[in-house]
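A short write-up of the structure that comes next.
The values are calculated or read from the model by the stated rules, or taken from the named source; none is laboratory data. A quick note: this is a predicted structure, and the numbers were derived from the prediction, not measured. A quick note on method: Cβ atoms are made from the backbone with ideal geometry, for glycine too, and the neighbour counts reach across all protein chains shown. Ligands, DNA and RNA are excluded from the accessible area calculation, which covers all protein heavy atoms including side chains. Shrake-Rupley method; radii C 1.70, N 1.55, O 1.52, S 1.80 Å.
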Amino acid sequence: MKLVMKFGGTSVGSAEAIQRTAGLVQRFQREWTDVIVVASAMSGVTDLLTRAADASAAGDSRTCSEAARELRRKHYQVIDDLLSAHEEALPLTNEIDRFIERFESLCKAVLILGELTPRAMDAMTSMGERMSVRLLAAYLRSTGTAAQAVDATDLIVTDGNFQSATPMLDLTAGKSTECLEPMLMTGVTPVVTGFIAATADGITTTLGRGGSDYSAAILGQALHADEVWIWTDVDGVMTTDPRLVPDARSIKRLSYREVAELAYYGARVLHPLTIRPVVEVGIPLRIKNTFNPDHPGTRIAKEAKENNGKIKAVTAIRDLSLVNVEGKGMMGVPGIAARTFGAVARSQVSVLLISQASSEQSICFTIPENCTDEAIGSLENEFSAELARRDVDRIWAQPAVAIVTVVGAGMRGTPGIAGRLFGALGEKGVNIIAIAQGSSECIISMVVDDRDTGSALAAIHGLITRS
Ligand code: ADP
Ligand code: ASP
Ligand code: MG
């Protein structure tokens, strides 16, 4: 039996966490035989690397030196705590130091050029995972488990879309099998970097922030794993973000579709693309808590039992703006929507939610707030003739909005859900600016003023806990 287990940043974030993680690897190895470990960078490290890279591009060299000092402190502390008198300690310290030196050289290059390309950013942020897997593998070896750190640049092949690369599954399956199967056959546990990959020419890429979950799923598919487990710092997928609503509860079962919607609409517990590889081959996914391992967590598989009429979870995405394209001359004119979204796509901005009034006098959609100017510029360009003729009256954006999304396959065909939602929001004085419901009826999304996000989540969460 083959199990891929991914450990997030907090699960490798300190000496104590690494000890727990190693204990879990050893425990489940006894039950599953073949365990492939995927690990994130220590918590906070990717943020640190990203900030230093950005600062270097802006001509600030101090942030990079401070980051390098902090990286050494963080990683050496773990070596000190876990391996101080062990023969692994010195070679490991030297190896970690080489990664930090390489990072500092890249910062210097960026500082001189005054430019940070996505490709350079990927090379720089890849250092976090390269270091953490070496720590974890060395600690596993020191406690008697044969383990080897593996850079996923040797396993996962992607296109060259740096910072959000797309995997090529056939090439990845070939390389992963070739590299990892011999290790598994000889009883060695591979400890693979999450988040990072490489193009066919070997240039380092990344799968986007939070991408280690995706790495685990990609390897799960490539190696025909029986299950993929994501270990994090909460008891699975919860009814809402526990940092925002403290009485959030863990959800026992979810379908692939429900969890995909949750992740897409802001539940950061899972990278939105994670389920794509596992759903294709039907590999069950489990989310568990490293710090409470006996809790069953959340199991995600094809069809979860649909408790009729139930909303299962609510999530939010903040820092958005709502763009409106309005005009009486748009009514019944074919192609307006295609041109609108074509123009937005050309400005490289992704649209999160769309809503159109039936009279066709307006189309509105949400985009990340920091992309508003590009999107509006591109739309004004596209519709310059219509604006001059007044067929399109206005292209404008409402800043500071959020999308609040409720998810639950059981809502399908259950009348009255929308009414209960709007009632609960109305009671808290939350104004709904726009609404969209997927045809699957698995989700309803509402655009609200960003300041109302907390009240909206609490109001809807109240419906979940009362049901
Ligand atoms: P990791 O480093 O393990 O990948 P993340 O920080 O990426 O951890 O994701 C886990 C965090 O996601 C939790 O600590 C929690 O605060 C947040 N979160 C947001 N929404 C949800 C949700 N619906 N269920 C569970 N966790 C959520
Ligand atoms: N370390 C990466 C990040 O912080 C990937 C991950 O944690 O999943 O985004
Ligand atoms: Mg994560």
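Key figures for this structure:
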item: For the chain: accessible area per residue (Å², 1.4 Å); result: 43
item: FRET efficiency, Leu113 to Thr33 (Cβ-Cβ, R0 41 Å, nearest 0.05); result: 0.25
item: Percent accessible area from carbon and sulfur atoms, the chain, protein chains only, probe 1.4 Å; result: 50
item: Value of Rg/Rh across the stretch 36-160 [Cα atoms, Kirkwood radius]; result: 1.00
item: Amide H contacts under 5 Å for Val392, placed H, 5+ residues apart; result: Leu387
item: Stretch gain in nm, segment Glu369-His224, where the contour uses 0.36 nm per residue and the Cα spacing is subtracted; result: 48.2 nm
item: Within the chain: Cβ-based charge dipole about Cα centre, in debye rounded to nearest 20 (Lys, Arg +1; Asp, Glu -1); result: 1100
item: Length released on extending from Cys179 to Arg102, taking residue separation times 0.36 nm less the Cα-Cα span; result: 25.2 nm
item: Unpartnered cysteines - no second Cys beta carbon under 4.7 Å - across the chain; result: Cys179, Cys364, Cys371, Cys442
item: Positive-end residue, the stretch 1-138 charge dipole about Cα centroid, Cβ charges, pick of Gly9, Ile36, Leu82; result: Ile36
item: Inter-label distance, nm, simple model (7 Å from Cα along the C-beta direction), Gln148/Ser467; result: 5.0
item: Derived scalar couplings ³J(HN,Hα) [the stretch 186-197; Karplus, 6.51 cos²θ - 1.76 cosθ + 1.60; whole Hz; x for Gly, Pro]; result: 9, x, 9, 8, x, 10, 9, 5, x, 6, 10, 7
item: Asn381 versus Glu16: modelled label distance in nm, points set 7 Å from Cα along the beta carbon direction; result: 5.4
item: Paramagnetic reach from Met1 in the stretch 9-38 [backbone N under 17 Å; point 7 Å along Cα→Cβ]; result: 24-37
item: Lysines whose Cα lies under 30 Å from that of Lys74, excluding same-chain neighbours fewer than 8 positions away; result: Lys6, Lys108, Lys288
item: Where labels lie 7 Å past Cα in the beta-carbon direction, separation of Leu171 and Asp449 in nm; result: 5.0
item: Spatial separation of Cα centroids for the stretch 269-302 and the stretch 182-218, in angstrom; result: 17
item: The stretch 10-98: GluC sites (Glu not before Pro) falling in loop per DSSP and having at most 12 other Cβ within 10 Å; result: Glu87
item: Full-extension gain in nm, Asp60 to Lys310, via 0.36 nm per residue minus C-alpha separation; result: 84.8 nm
item: Relative contact order of the chain, defined on C-alpha pairs under 8 angstrom at six or more residues apart (%); result: 13
item: Positive dipole terminus of the chain, leading residue within Tyr265, Gly462, Ser142 (C-beta point charges); result: Gly462
